[in-house]
Structures are given as C-alpha cells and as structure tokens.
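The values are calculated or read from the model by the stated rules, or taken from the named source; none is laboratory data. Remember, it's a predicted structure, so these values are computed and weren't measured experimentally. So basically every Cβ, Gly included, is an ideal-geometry build from the backbone, and we count neighbours across all protein chains shown. For accessibility, only protein heavy atoms count, side chains too; no ligands or nucleic acids. Shrake-Rupley method; radii C 1.70, N 1.55, O 1.52, S 1.80 Å.
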2 protein chains.
Amino acid sequence: MGKYKIEVCYSPALFPFYENREAVVVVTDILRASSAIVTAFMNGVERIIPVGTLEEARAYKEKGYMVAAERDGIVRDFADFGNSPYNFSPDRVHGNQIVYSTTNGTNAIHLASSGSQVLIGAYLNISALAGHIISSEKDLLILCAGWKNRFNLEDTLFAGALSRMVLEDERFYTICDAALGAIDLYDLAQGDMMGYMEKVAQRHRLRKNNLDDVIGYCHESDLTDLIPVLKDGHLVRL
Amino acid sequence: MGKYKIEVCYSPALFPFYENREAVVVVTDILRASSAIVTAFMNGVERIIPVGTLEEARAYKEKGYMVAAERDGIVRDFADFGNSPYNFSPDRVHGNQIVYSTTNGTNAIHLASSGSQVLIGAYLNISALAGHIISSEKDLLILCAGWKNRFNLEDTLFAGALSRMVLEDERFYTICDAALGAIDLYDLAQGDMMGYMEKVAQRHRLRKNNLDDVIGYCHESDLTDLIPVLKDGHLVRL
C-alpha cells in the first residue's frame, strides 16, 4: 500500500465528509468552468477572481473589471461573457484580470480552499496536473463541482482519469469507493468518450441552449502544461 | 420517453437535492441494515421501530423492548443484538416488535419519509420491490444510505440493479446521471459480484471485525416477496 491516498468527492455538499487539510485539492467542472479557466490561462489571462454571487460579480463590473458570469449556462446581461471556453479568447483575456462567477464551479473553489493547495483540473491540463500531484507527495482529493450539488457523470469520468494517472505512481493508493467507482466508469467510457457523453444530463442542458459545441474541446487532453492554482483567493499560474 | 422518472441519491446528505414528494422512495443499506430488516420480516417480525440515536434506543430498552443497535458495525452493550441479518433469527424476532438503530440506515429512513411511500430494499426482495414500484405508477427515488454520508459502492450497485429492473417497464425512464452511473457499475460488477465486492471499503471494515460472513447472503436475490414499508414512523409489512 502506498503512502498518499486518493479520494474523490462527488458534490460540494459532500465536501465536509471528505475534507483533508493535508491534501492537494483538484476542483473540476468539466462542462464548462474548469475547462474555461484552463483555456483562459492558455490564452494569457493574468489572474481570475472567482466570486460566488452575481451581486459580487456585478459590483466588480461596476468597478471596471471584465466579468464572466452565467447561471444555468446563460450569460447574465451585465457580464462581458459567459462560461464557454471559446469566450476566453486571447484578444479578450491576454494580460487581463477576469472576475468569474458560475453556477457550480466558483462555490467548489471556495470550499476547496481548506486544503493544502487548490488546483483547477481539466482534460486540457491533465498530464501536467498528474505530474505535479505526484511530485507534491501529498494526498489527493478531487472535488467534482457537480450540478447544483447533484452527482454528474462528466466530472466523475475526469476524476477517474486523473486518479488512474496518479495511481501509476505506486506511492499513491485508494480505498475510496467514489474513486474506485469513478475509475471504473472512466475505463468503461474512455474508448468512446463522445458516445458515452450522449447520455449525460449536462449534454442535454447545453444542447437545449445550443451550447454543446464545446463538449469535444473540453475532452481534449494535454493542450497545455499550465495549472491554475488558488493564491490569496485568486487563481494564478502555478 | 416514459412517464415516471427514476433517480438515485448517493448519500443522505444529498437528499435535499433529489427530494420528490411524489416518488416512492426505496431506502437501501445493503451491508447490512436493509438486508437485516428484510430478513427480520422474512422471519416473522411484527414491526420495526427505527430510531436515530443510541439514547432513544436505550430508552426503548429500558421500557422492555428488544433492541438492535450498532455503531460502525459493533453491537452496543445495552442492545440485544446488532446489525447482522443472522441476528434476526425466527426464535428472536417472530411476532415481536424490535427497535433498530444503525450507523447509516435509520437516518436515511427518516429523511425518506417526505416521499409518498418509503420502502426498504435489498437484493433479498428486489423482484417483489420492482413489481410493486412498477404497479404503483409513481416516480422512483432510490436513497443509498452510504457510509457516514459518503458514497459507497454496494448501495450504488443495488440502485443500479433495481433501476435496470424497473426500466424494463417502458413507462419508466431516467435522465439522472447518478442512476445511469449506478446502472453502468452494476452491469460491470454483476457477472462476478463477489469478485467486485473485494475492493469495496465496507467489505474491509466488516472483515476487520470478522463481520464479513454476511456479504454473500446480502447479495442473494429474491428470497422473499415481503416488502417493509414505513407507516406512522414504523416499518411493517406492505
């Protein structure tokens, strides 16, 4: 048995039962917040300020900040843009600070801050992330943002993928049922990820609003080595 | 698409996000409370009084009731017996009322009482349960008792098995990610359930206390048609 344990938490509402102050906490919200945040760093954003409420986001907007804000996938009228990774293009984000509020992702980031380090994880940076976690020699806790505190499959599959990569280093182990379930579901899905995603609830939600164009992109692996990390309440490059 | 939806809730702590007053709620705690409760009815128990705290259980004991009470798999000293289905033998339970308090199961039963009907589900009565749910023509919500509010695999596999059975009636459907994940995990495990159970955390907990002798029994299907139902706060035969 290894020294460092891997656990997966399927919902922010379950976080109190998994909390681990020694762990590196990876927050993931594959469709679409964590994929969008990683994309923003790829495209040169300087800093992302995650805020919980739309009121906070609006207050930042009035102070002149560029604001990304959505609820249930819909861009809010006062915001500069929403939650699609495609919105975080170099011309918009390069060198800028962006305030970001989303349905599920921001709350998860705030919760996770009780851990020893908070990282943002997506397929886009998964190998860099696994490498960093392994070299950090700490427990790993993956926090799935879920959907309004409900379990979702897309974050679970990512948790399985990341767990599997980190477990390749034999100093890591898991006896967490949620991690074991996530790994099994990832193994089942990974041969035909887009086929598997057909049944996922969030795909239907996005399709209804014509926002499902990003699903393929959000499942591309290793487009970057950048890892967003939470520092003094803001996300910056690790 | 069918008329009646199936949803699965992986933890009592997530129940507020799944609550459905129109639904039949099936509470399951395969290792071991729901399997023990079904066994008690098979062996002629008259009524089971689920209580949340050990204090309540002790108070009933002092009033002369027979009490089953455990925490973390260990029988409490004041109790007549614990949580093993083997404890609920005919000579002990036939014609009796039993007060029952367990780590995870009792709390789940109390939560579920906001539904239109609360049933206790186990492999032991799974086909009878599926038949009753189908004929009840209502939504189905399966509440996994979990482990101290954490996700567990054994309850999830049962939720997948029951969902699959009920979905054979085309008036039922699911778009719930937790139900879909449970079905996939059940499909994966069901060819070699005892092999799959090797990795489940609860198996290790039970083995540590020499309590894992019941795992095979708790996964036997259709030993009875009896379905325990919650009525005025007590479990009785449907």
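The requirement of being open to solvent by less than 10 Å² (accessible area, probe 1.4 Å), in a loop (DSSP other than H, G, I, E, B) and closer than 28 Å to A:GLY216 by Cα is satisfied by A:VAL45. Among the residues of the stretch A:48-72, those that are open to solvent by 10 Å² or more (accessible area, probe 1.4 Å) and over 21 Å from A:GLY146 (Cβ atoms) comprise A:GLU55, A:GLU56, A:ARG58, A:ALA59, A:TYR60, A:LYS61, A:GLU62, A:LYS63, A:GLY64, A:TYR65, A:MET66.
Across the stretch B:228-238, the number of residues qualifying as outside any strand (DSSP E or B) and touching a residue at least 24 places away in the same chain (Cβ under 8 Å) comes to 2.
Would you mind finding the one in A:GLU154, A:GLU168, A:GLU137 that is under 23 Å from B:GLY181 (Cα atoms) and acidic (Asp, Glu)?
Working: A:GLU168 fails: under 23 Å from B:GLY181 (Cα atoms); A:GLU137 fails: under 23 Å from B:GLY181 (Cα atoms).
Result: A:GLU154 is the single residue among A:GLU154, A:GLU168, A:GLU137 that is under 23 Å from B:GLY181 (Cα atoms) and acidic (Asp, Glu).
The residues of the stretch B:197-226 that are surrounded by 15 or more Cβ atoms within 10 Å (Cβ to Cβ) and touching a Gly at 6+ places or on another chain (Cβ under 8 Å), listed by number, are B:ARG205, B:LEU206, B:LEU211.
The condition of being within 22 Å of A:TYR217 (Cβ to Cβ), modelled with pLDDT of 95 or more and assigned to a helix (DSSP H, G or I) holds for only one of A:VAL38, A:VAL27, that being A:VAL38.
Within the stretch B:185-196, count every residue that is more than 7 Å from chain A (Cβ to nearest Cβ) and open to solvent by less than 10 Å² (accessible area, probe 1.4 Å). Lay out the reasoning, then the answer.
Going residue by residue through the stretch B:185-196, those that are more than 7 Å from chain A (Cβ to nearest Cβ) are B:186-187, B:189-196.
The next check asks that each one be open to solvent by less than 10 Å² (accessible area, probe 1.4 Å); those that pass are B:189.
So the answer is 1.
For the stretch B:109-139, the tally of residues that are assigned to a strand (DSSP E or B) and closer than 15 Å to B:VAL166 by Cβ stands at 3. With a requirement of 2 or more residues that are among the charged types (D, E, K, R), the helices (runs of 4 or more DSSP H) lying completely within the stretch A:167-227 that satisfy it span A:177-189, A:201-208.
Applying the set (1) touching an Asp or Glu at 6+ places or on another chain (Cβ under 7 Å); (2) in a helix (DSSP H, G or I); (3) farther than 22 Å from A:ILE48 by Cα to A:SER163 leaves exactly one unmet item: (1).
Working only within the stretch B:200-219, note down all residues that are within 14 Å of chain A (Cβ to nearest Cβ) and farther than 16 Å from B:THR103 by Cα. It would help to see each step written out before you state the result.
Taking the stretch B:200-219 first, the residues within 14 Å of chain A (Cβ to nearest Cβ) are B:200-208.
Scanning the stretch B:200-219 gives B:VAL200, B:HIS204, B:ARG207, B:LYS208.
Restricting attention to the stretch B:202-223, the residues that are in contact with a strand residue (DSSP E or B) (Cβ under 7 Å, 6 or more places away or on another chain) and of a type in the set (Gly, Ala, Ser) total 0. Go through the stretch A:73-88 and report how many residues are surrounded by 14 or more Cβ atoms within 10 Å (Cβ to Cβ) and assigned to a loop (DSSP other than H, G, I, E, B). Looking only at that region, the number is 8.
Residues satisfying the criterion are present in the stretch A:100-116 (criterion: away from chain B (no Cβ under 14 Å) and either more than 26 Å from B:PRO16 (Cβ to Cβ) or aromatic (Phe, Trp, Tyr) (or both)). For the stretch A:129-184, the set of residues classified as open to solvent by 30 Å² or more (accessible area, probe 1.4 Å), at the interface with chain B (Cβ under 10 Å from one of its Cβ atoms) and β-branched (Val, Ile, Thr) consists of A:ILE175 only. Residues in the stretch B:90-123 that are of a type in the set (Val, Ile, Thr), under 11 Å from the mean Cα position of the chain (by Cα) and modelled with pLDDT of 95 or more: B:VAL118, B:ILE120. For the stretch B:6-23, filtering for residues that are surrounded by 24 or more Cβ atoms within 10 Å (Cβ to Cβ) and more than 14 Å from every other protein chain (Cβ to nearest Cβ) leaves 1.
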